[in-house]
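This is the structure I have questions about; it appears just below.
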Amino acid sequence: MADSDYTPPKVWTWETDHGGPFAATNRPTAGAQFEKELPVGDHPLQLYSRGTPNGVKVTVLLEELLAAGHDGAEYDAWSIDIGNQEQFGSGFVGVNPNSKIPALMDYSTPKPTRVFESGAILLYLAEKHNAFMPKDPADRPEMLSWLMWQMGSAPYLGGGFGHFYNYAPVKIQYAIDRFTMEAKRQLDVLDQQLADNEFICGDEYTIADMAIWPWYGGTVLGWQYDAKEFLDGPSYKNLTRWAEQLYARDPVKRGRMVNRARGDEKHQVAERHSMADFEGKTPEPL
């Protein structure tokens, strides 16, 4: 791993003991590894997820939809323990063949609809409820551009920077420097965009904000990889202003608690089936 004399073989083979906290989870093959059905609740929308940034995107949107009066957005949120590899069960793979959270089933359609990939779920729900999209169709490409920017950029922040800075079993300066540079470039992209805009796409709060906030807002607020100081998060003043502004919204606070499985239990809503599940819970303070 850290051996500077490492020479790649002609054909790579998988070593299951490669180290790191995800050694038992990551593998070079797809498909179900065991039989397990998914639970189904009473609501039309069934979400199978975890309180990671990708999961939070969707629960924030669902809570925002409900707060805006869209009763058809009522949902059951079931926790998928990715650390215990529940994403490789047959039921989950049937909803998402890529075995990544979040995954959604919509039973309100004539034929039950599956949606996977967090960006696709955001777009599906926003279009279904005609909400949190630009009012002017001419502004839609801008929103889609930023949504796709997040989907394409976040792997460098998470799988690149986050992995080598926080999770890798050894510290590799080249890898950390490479991905820190890219992470900071992305933070600067957002900081400059927000210099003259209240939200990512201007004056309207959209799913682009909801997609970007858990990853990049969470980074400058100190929730991702314990890297706020290392990345000089406070120097991104416009991004920090926006991140704090979004977290002041009650639906965002609730969305961040759903399926959360780390930190103080009072900040966690392991499963969400109704507003009653938030009783006795409090959002994590800044």
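The values are calculated or read from the model by the stated rules, or taken from the named source; none is laboratory data. All values reported here derive from a predicted model rather than from experimental measurement. Note: ideal-geometry Cβ built from the backbone for every residue, glycine included; neighbour counts use all protein chains shown.
Within the group Ser99, Ser118, Ser79, which residue is surrounded by 19 or more Cβ atoms within 10 Å (Cβ to Cβ), on the phi > 0 side of the Ramachandran plot and of a type outside the set (A, V, I, L, M)? Show your work before the answer.
On the way: Ser118 fails: on the phi > 0 side of the Ramachandran plot; Ser79 fails: on the phi > 0 side of the Ramachandran plot.
Result: Ser99 is the single residue among Ser99, Ser118, Ser79 that is surrounded by 19 or more Cβ atoms within 10 Å (Cβ to Cβ), on the phi > 0 side of the Ramachandran plot and of a type outside the set (A, V, I, L, M).
How about the stretch 250-277: which of its residues are basic (Lys, Arg) and without any contact (Cβ under 8 Å) to a residue 40 or more places away in the chain? Outline the logic, then answer.
If we filter the stretch 250-277 for residues that are basic (Lys, Arg), which is where we start, we get 253-254, 256, 260, 262, 266, 272.
Passing the criteria: Lys253, Lys266.
Another question, if that's okay. For the stretch 123-242, list the helices (runs of 4 or more DSSP H) that sit wholly inside it and hold at least 1 residues that are without any contact (Cβ under 8 Å) to a residue 24 or more places away in the chain and either surrounded by fewer than 21 Cβ atoms within 10 Å (Cβ to Cβ) or assigned by TED's automatic domain parsing to the domain that holds Leu61 (or both); which are they? Don't jump to the end; show me each part of the working.
Details: elements: 140-155, 173-193, 207-212.
Counting at least 1 such residues, we get 140-155, 173-193.
Within the stretch 243-268, restricting attention to residues that are of a type in the set (D, E, K, R) and either crowded, with 22+ Cβ neighbours inside 10 Å or assigned to a loop (DSSP other than H, G, I, E, B) (or both), which residue is nearest to the chain's Cα centre (by Cα)? Quick ask: steps written out before the conclusion?
So the first thing to find is which residues in the stretch 243-268 are of a type in the set (D, E, K, R), and the list is 244, 249-250, 253-254, 256, 260, 262, 264-266.
Adding the requirement that they be either crowded, with 22+ Cβ neighbours inside 10 Å or assigned to a loop (DSSP other than H, G, I, E, B) (or both) leaves 249, 254, 256, 260, 262, 264.
Working: Arg249: 18, Arg254: 15, Arg256: 10, Arg260: 12, Arg262: 15, Asp264: 20 Å.
Taking the candidates together, the pick is Arg256.
Additional query: If you go through the stretch 83-96 one residue at a time, do you hit one that is part of a helix (DSSP H, G or I), of a type in the set (Asp, Glu), at pLDDT 95 or above and assigned by TED's automatic domain parsing to the domain that holds His267?
Here is the first cut: in the stretch 83-96, the residues part of a helix (DSSP H, G or I) are 83-84, 86-88, 90-95.
Filter once more, keeping what is of a type in the set (Asp, Glu): 86.
Now restrict to residues that are at pLDDT 95 or above: 86.
From the residues that got through so far, the ones that are assigned by TED's automatic domain parsing to the domain that holds His267 too are 86.
Yes.
Still on this structure, please answer the following. Tally the residues that are within 30 Å of Thr219 (Cβ to Cβ) and either among the basic types (Lys, Arg) or in a strand (DSSP E or B) (or both), restricting the search to the stretch 28-45.
First pass over the stretch 28-45, keeping only residues within 30 Å of Thr219 (Cβ to Cβ): 28, 30, 45.
Then drop every residue that is not either among the basic types (Lys, Arg) or in a strand (DSSP E or B) (or both), which leaves 45.
Here the count works out to 1.
Okay, moving on. Condition test on Lys100, is it touching a residue at least 24 places away in the same chain (Cβ under 8 Å) and more than 20 Å from the chain's Cα centre (by Cα)? Full working, then the answer.
Numbers: touching a residue at least 24 places away in the same chain (Cβ under 8 Å): yes; more than 20 Å from the chain's Cα centre (by Cα): no.
Criteria not met by Lys100.
Also, quick follow-up: For Asp106, only one of the following conditions fails: (1) in contact with a Leu (Cβ under 7 Å, 6 or more places away or on another chain); (2) closer than 15 Å to Asn54 by Cβ. What is its number?
(2)
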